[in-house]
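The values are calculated or read from the model by the stated rules, or taken from the named source; none is laboratory data. In this text the structure is predicted, and so the values were computed from the model without any measurement. Cβ placement follows ideal geometry from the backbone for every residue including glycine, while neighbour counts extend to all protein chains displayed. Each accessible area value is taken on the protein alone, full model and side chains, heavy atoms only, with ligands, DNA and RNA left out. Shrake-Rupley method; radii C 1.70, N 1.55, O 1.52, S 1.80 Å.
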Amino acid sequence: MANIFAQIINGELPADIVYRDDQVTAFRDISPKAPVHILIVPNKVIPTVNDIEDTDERLIGHMFLIARNLARKEGIAVDGYRLLINCNRHGGQEVYHLHLHLMGGRPMGPMVVN
Ligand code: AMP
């Protein structure tokens, strides 16, 4: 069974999709931690940062350019925002399909380590 984000990308599960192209899909987080909380997800399954391959270099760069564009579109670019990727258990990763969190719309505060 495909992971939950793969199901969203395949259209099997509903989501509030804000952007998609042949490489990535971006949708709003179902449990937002900020007024703007968008997940930028590669269309192909890469479980964790550890699984990124050298040939994924352009894809990973593309994820950041889409995050930049969405931040502008959402009106949070000037005030600023946080980009975050969790990896594995100690990183607090819940969904094992690589995703870049874009969070903003309020001061995000200091880096939280707890
Ligand atoms: P992470 O801890 O980095 O793996 O984050 C997983 C994120 O996915 C969390 O912020 C969840 O709220 C979010 N999430 C889980 N299921 C869904 C879903 N069906 N649609 C949108 N976001 C989701």
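For the stretch 93-110, a residue qualifies if it is more than 15 Å from the ligand (Cβ to nearest atom) and either open to solvent by 90 Å² or more (accessible area, probe 1.4 Å) or part of a helix (DSSP H, G or I) (or both), and the qualifying residues are 106, 107, 110. Apart from one condition, residue 90 fits all of (1) open to solvent by 50 Å² or more (accessible area, probe 1.4 Å); (2) assigned to a loop (DSSP other than H, G, I, E, B); (3) within 14 Å of the ligand (Cβ to nearest atom); the exception is (2). Is at least one residue of the stretch 50-66 within 13 Å of the ligand (Cβ to nearest atom) and of a type in the set (S, T, N, Q)? Looking for residues that are within 13 Å of the ligand (Cβ to nearest atom) and of a type in the set (S, T, N, Q), one finds none in the stretch 50-66, hence no.
From the list 21, 51, the lone residue that is out of contact with any Asp or Glu (no Cβ under 9 Å at 6 or more places or on another chain) and either farther than 15 Å from residue 98 by Cα or open to solvent by less than 40 Å² (accessible area, probe 1.4 Å) (or both) is 21.
Listed residues 70, 83; which is surrounded by 13 or more Cβ atoms within 10 Å (Cβ to Cβ) and either assigned to a helix (DSSP H, G or I) or more than 14 Å from the ligand (Cβ to nearest atom) (or both)? None of the other options fit; the residue is 70. If you go through the stretch 32-44 and pick out every residue that is open to solvent by 60 Å² or more (accessible area, probe 1.4 Å) and within 14 Å of the ligand (Cβ to nearest atom), you end up with 2. One residue stands out among those in the stretch 1-15 that are near the ligand (Cβ under 8 Å from one of its atoms) and within 18 Å of residue 102 (Cβ to Cβ): the one that is surrounded by the fewest Cβ atoms within 10 Å (Cβ to Cβ), which is 15.
Here's a check for you: in the stretch 4-40, which residue that is assigned to a loop (DSSP other than H, G, I, E, B) and in contact with a Phe, Trp or Tyr (Cβ under 6 Å, 6 or more places away or on another chain) is nearest to residue 104 (Cα to Cα)? The extreme case among them is 16. Beta carbons closer than 9 Å, at least 6 apart along the sequence or on distinct chains, pair a first residue in the stretch 76-105 that is closer than 20 Å to residue 19 by Cα and without any contact (Cβ under 8 Å) to a residue 12 or more places away in the chain with a second that is open to solvent by 40 Å² or more (accessible area, probe 1.4 Å) and charged (D, E, K, R) for 77/68.
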